[in-house]
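Heads up, the thing below is written out as structure tokens.
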């Protein structure tokens, strides 16, 4: 069978399953099955495909038709120009989260803390972009930390990140120039409305905060209440938010004493990140 025929069959199967982006997903999975860079797939479409590659592709198509995310199927996701290992133990890094990376890179920092690191996409990207930085990245899930460790090794930054199992700040010490987090922010009532790709395949603890009261704000309350104690004077706190949570999260920042609170929008114009600055202590010479 030619690769083009195999691709056409896969696209048809995904469309019959009601999946948007069927052609895109099928091309990504075919390139993976053929062990080719995605930009080389077109050149291989007229080639015959081995039985092993056919089997790999057809199993991938079946998994995607059952709504498993493509990143989990192929085991990686491109994020901010780098490939990250992805498993069912971590949240699939999304392009919208790159808004947080851009906001962070607009600020100076030498030491950063990532709360709920998951795959490590945020912390490790910032380390890769800033060669003179050190990071602590924490998560409550040991399985997620194992994935982050693999990504740190693959990106060559393992010597600059300490990965710790921690319930938010519980195992954290010291102060940081930058604290970042993409915490769980889906309220329990919203869970049923999520796409099955997310609801049924991504870790619930990365989606819905513990002890959720229905608002999805529980993690922000914990982070904002404690972050100032771990922030260097003038340091920054930045969190990703749901698109309806901008006003509430900004209010939490201000109530916790953060200044210069700013809302950052993603490329679609949706509220995506809130940032704020820890207040500098007043010196003895100031009024």
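The values are calculated or read from the model by the stated rules, or taken from the named source; none is laboratory data. Remember, it's a predicted structure, so these values are computed and weren't measured experimentally. Positions of Cβ are generated from backbone atoms using ideal geometry, with glycine treated the same way; all protein chains shown enter the neighbour counts.
A Cβ distance below 8 Å, combined with a sequence gap of six or more or placement on separate chains, defines the contacts here; from the stretch 118-129, residues that are outside the structural domain of residue 152 (by TED's automatic domain parsing) and closer than 10 Å to residue 151 by Cβ reach no residue that is modelled with pLDDT under 95 and assigned to a loop (DSSP other than H, G, I, E, B).
Counting only helices (runs of 4 or more DSSP H) that sit completely within the stretch 171-287, those holding 3 or more residues that are in contact (Cβ under 8 Å) with a residue 24 or more places away in the chain and more than 16 Å from the chain's Cα centre (by Cα) correspond to 218-227, 246-255.
Every condition in (1) farther than 20 Å from residue 79 by Cα; (2) surrounded by fewer than 23 Cβ atoms within 10 Å (Cβ to Cβ) is met by residue 176 except one, and the failing one is (2).
Listed by position, the strands (runs of 3 or more DSSP E) contained in the stretch 1-115 that have at least 3 residues being crowded, with 21+ Cβ neighbours inside 10 Å and outside the structural domain of residue 204 (by TED's automatic domain parsing) form an empty set. Against the numbered list (1) at negative phi; (2) modelled with pLDDT of 95 or more, residue 279 comes up short only at (2). When we screen 200, 177 for residues that are over 18 Å from residue 263 (Cα atoms) and modelled with pLDDT under 95, the only hit is 200.
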